[in-house]
1. How many residues does region 173-210 contain that are in contact with a Lys or Arg (Cβ under 8 Å, 6 or more places away or on another chain) and either at positive phi or assigned to a strand (DSSP E or B) (or both)?
2. Go over the candidates 69, 61 one by one and state the one that is modelled with pLDDT of 95 or more and out of contact with any Cys (no Cβ under 8 Å at 6 or more places or on another chain).
3. Being buried (at least 19 other Cβ atoms within 10 Å of the Cβ) and either modelled with pLDDT under 95 or not in a loop (DSSP other than H, G, I, E, B) (or both), is that true of even one residue in region 26-33?
Amino acid sequence: MRKQPGDRIEIFDGAGRVAVCEITQVSKSAVQARIISETRVEPFQTAIHLLPALIKAEPFEWLLEKAVELGAASIQPIITGRTVIHLDAAQTEKKHAKWRRHMIESAKQCHTPFVPELKAPVSFTAAVKQPADFKLIPTLSEHTRTLKQVLPASKPNCVAVLIGPEGDFTAEEEAQAFAVGFAPITLGPLVLRAETAAIATLAILGHELR
């Protein structure tokens, strides 16, 4: 808003293309600029796809912002048995637009060249059917192992991470996830909020796989 013709700005397309530009014209509704230099940033070798349960508005928006900062490849909100947020079609469309704005603002603030794909909410059953080389589900179950214990010998190209709602997944949902290959992991001895668990898992995975 404070820029004038002659000033330089950085623009990006959210898919790795970044350019330095010089502003040539500013109006109330548009900015024109000429490209001075352009680069293309390669995506991470391992794509991490986050499947978080829908939670209350403010924590979920925070989760989305931090997922952008930590390099999630995509975010697929899911509806679980303990999900307390239920949206109709019109509300979903409005929320999706708002969530997308939050993600773009986060990328702009952090100079992140990638904005994760934000998918429409789906049921838990539909979410766990999505293919991935490596699947994780942080849970409070008794049968968990540490991430280091379950990591494959070679780096996977695609990782899917399920994150439960307040109150965690139901026993039936956990069994369903285990049946299709999701490995139960622990994030330590402390109980984390849903949004914290999502960000902690992304951070740990980023450290181990990138």
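1. Counting residues in region 173-210 that are in contact with a Lys or Arg (Cβ under 8 Å, 6 or more places away or on another chain) and either at positive phi or assigned to a strand (DSSP E or B) (or both) gives 4.
2. Numbers: 69 fails: out of contact with any Cys (no Cβ under 8 Å at 6 or more places or on another chain).
Just a single option satisfies the conditions, and that option is 61.
3. Step one: list which residues in region 26-33 are buried (at least 19 other Cβ atoms within 10 Å of the Cβ), which gives 33.
Those left that are additionally either modelled with pLDDT under 95 or not in a loop (DSSP other than H, G, I, E, B) (or both): 33.
Yes, some residue in region 26-33 is buried (at least 19 other Cβ atoms within 10 Å of the Cβ) and either modelled with pLDDT under 95 or not in a loop (DSSP other than H, G, I, E, B) (or both).
Table: residues versus (1) surrounded by fewer than 15 Cβ atoms within 10 Å (Cβ to Cβ); (2) more than 16 Å from residue 128 (Cβ to Cβ).
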| site | (1), (2) |
| --- | --- |
| 149 | yes, yes |
| 152 | yes, yes |
| 157 | yes, yes |
| 173 | no, no |
| 176 | no, no |
| 180 | yes, no |
| 184 | no, no |
| 190 | yes, yes |
| 203 | yes, yes |
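The values are calculated or read from the model by the stated rules, or taken from the named source; none is laboratory data. Values in this document were obtained by computation on a predicted structure and should not be read as measured data. We place every Cβ from the backbone using ideal geometry, glycine too, and count neighbours over all the protein chains shown.
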